[in-house]
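To keep things clear, I will list the structure first and then write my remarks on it.
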Amino acid sequence: MKNAKSFIRGDKIIWVVLILLSLISLIEVYSSIGKFAYDTGKFAQNIDLSTFFLLFKHFAIICATYLVIVFISHINYQKFEQLAPVGYIISIILLAAALILYISGYSSKAAGRWIEIPFLGQLQPSEIAKYLLILFMARFLANSQDTIKEKKTFWIALGIIALVACPIFPQNLSTAGIIAVCCFTMMFLGNINKKYWIILAGIAATIFVIGLNTLGEQYGTGALKKDEVMRTATWGGRISEWLNDDLEANTQRNIALRAIAMGGLTGNHPGSTIQGRLLSESHNDFIYAIIIEELGSIGGLLILLLYTILFYRCVVIAGKSNNLFKILTVSGLGLSIYLQALINMGVAVGYLPVTGQTLPFISYGGTSYLLSGCAVGVIQSIAHSNKLLNKNNKALEEETEENINDNDKNQ
């Protein structure tokens, strides 16, 4: 038992939440992956064999993710701070490589959002860059406290964000939005001068205007019509569809809403999905709709509660941290996972336009699943360091109290 405790480090409640999410993931991915299994046809359209193969692959990724979390949780958090600049440079290189490969014709995946690696599969640089940027921002803000109120520090912070967010923005608007919210929150917690926040408001307004401009008659003009380097037509189509709210149209959003309506309060039990056979991303982007169809609104609320508990525990860990780097890192990573979950659920229930964000630790596994595990690993490493700090402080207090008592006896 003692060895198990030393092996599994970090916040126990977070571990419980992850296990529950993974169990739900296995059930719902198996229930909803049929259409994807048929479309991919891994075994000559043998749906049962293809489904089992994909489920086994998903299970393997879940197991690999837990090993990653355990491994990273055993690394001293100071290593993340030391290596953050290297990670930041790597993220920029990966983003540039994805765009160059697409423009040069070597990659056809989603307008440069993916890098195809032979024998290994697909890599999404924006997901890697999101977490590496958070680490680097935490380091920069923590090390800049002597000049944190100066305008120069503010502009350097914006530049650090822009170098990563700008290449992601044309291809993956929702991920760029998550990055912006997380980094601006970290800047706020890092005591950036409040008078410069009006500049951020101006930047946000400019981005909003650019977004509205995509909702032209053909969702872009000139070269943007081609929907190549900037996916303005994709943005425009999704936002326009969401704003028009045509419930009679046979869209993915409406199919998801029908799935939710069929679920009612208690659902139709796992494995009973009907709409999952129609949704092209029922195992991924719209898996929350399938969860509600099968487990009802109660199941949907349970999922929301689990993510809220996960985020709350990150807030608790940040509150117990003894330096700014740990506070900002846990806050940024925890918020990014929580925002991604909220966006995915918001899309499924029709509150947001389709974005392509997966549901962390539930959607069919891949780059996003493993990287979310890496983020939790860092959080657990910091949680473990906090426990060691508290343990040492208690030991020091006990030793001090014993010395005082000894002195009193001698007197």
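In order along region 67-79, the Karplus-derived 3J(HN,Hα) couplings, from 6.51 cos²θ - 1.76 cosθ + 1.60 at θ = phi - 60°, round to 5, 5, 4, 4, 4, 5, 5, 8, 8, 4, 4, 5, 5 Hz, and Gly and Pro are given as x. In sequence order, region 154-166 has phi-based couplings of 4, 6, 5, 4, 5, x, 4, 5, 5, 4, 9, 5, 5 Hz under the Karplus curve 6.51 cos²θ - 1.76 cosθ + 1.60, θ = phi - 60°, and Gly or Pro positions carry x. Across region 332-347, computed HN-Hα scalar couplings (Karplus, 6.51 cos²θ - 1.76 cosθ + 1.60, θ = phi - 60°) run x, 5, x, 5, 5, 5, 5, 4, 4, 5, 5, 5, 4, 5, x, 5 Hz from first to last residue, x flagging Gly and Pro. Backbone N atoms of region 258-276 closer than 16 Å to the 7 Å Cα→Cβ label point of TYR38 belong to residues 272-276. If you sort ARG253, ARG258, ARG277, ARG9 by accessible surface, 1.4 Å probe, largest first, the order is ARG277, ARG258, ARG9, ARG253. If R0 is 41 Å, the Cβ-Cβ spacing of ILE93 and CYS63 corresponds to a FRET efficiency of close to 0.90. Full extension of the chain between ASN322 and SER297 gives 5.0 nm of extra length, using 0.36 nm per residue less the Cα-Cα distance. Here HIS74 and LEU20 are evaluated by their C-beta separation; at R0 = 22 Å the FRET efficiency comes out at 0.40. The modelled label-to-label distance between TRP155 and PHE56, using points 7 Å beyond Cα along the C-beta direction, is 5.9 nm. The listed residues THR206, THR355, once ranked by accessible area (1.4 Å probe) with the largest placed first, stand as THR206, THR355. At the residue level, CYS63 shows approximately 60 square angstrom of accessible surface with a 1.4 angstrom probe and all protein chains present. Among THR308, THR266, THR251, THR65, the sequence by solvent-accessible area, most first, with a 1.4 Å probe is THR266, THR308, THR251, THR65.
Using equal-weight Cα scatterers in the Debye expression, the normalised intensity of region 292-351 in log10 at q = 0.23, 0.25, 0.27, 0.29 Å⁻¹ is -0.88, -0.96, -1.05, -1.13. Around the amide H of GLN122, modelled in the peptide plane, lie the amide H atoms of ILE117, all under 5 Å away and 5 or more residues distant in sequence or on another chain. PHE188 contributes an accessible area of around 110 Å² to the protein surface, as traced by a 1.4 Å probe with all chains present.
Legend: calculated FRET efficiency, VAL86 to SER272, from the Cβ-Cβ distance at R0 = 56 Å, rounded to 0.05, equals 0.70. Taking 23 Å as the cut-off for C-alpha to C-alpha distance, list the pairs among LYS12/LYS320; LYS79/LYS195; LYS12/LYS387; LYS130/LYS151; LYS130/LYS195 that go past it. With Cα atoms farther than 23 Å apart: LYS79/LYS195; LYS130/LYS151; LYS130/LYS195.
A simple spin-label model places the labels of ILE199 and ALA261 5.0 nm from each other, with each point 7 Å out along Cα-to-Cβ. Exposure check, 1.4 Å probe, all protein chains in place: PHE52 carries approximately 130 Å² of accessible surface. For region 348-378 versus region 172-198, the inter-centroid distance based on Cα atoms is 21 Å.
The values are calculated or read from the model by the stated rules, or taken from the named source; none is laboratory data. The structure displayed is predicted, hence computed values, not measured ones. Cβ sites come from the backbone with ideal geometry, for glycine too, and all protein chains shown count toward neighbours. Surface areas here come from the heavy atoms of the whole protein model, side chains and all, with no ligands, DNA or RNA. Shrake-Rupley method; radii C 1.70, N 1.55, O 1.52, S 1.80 Å.
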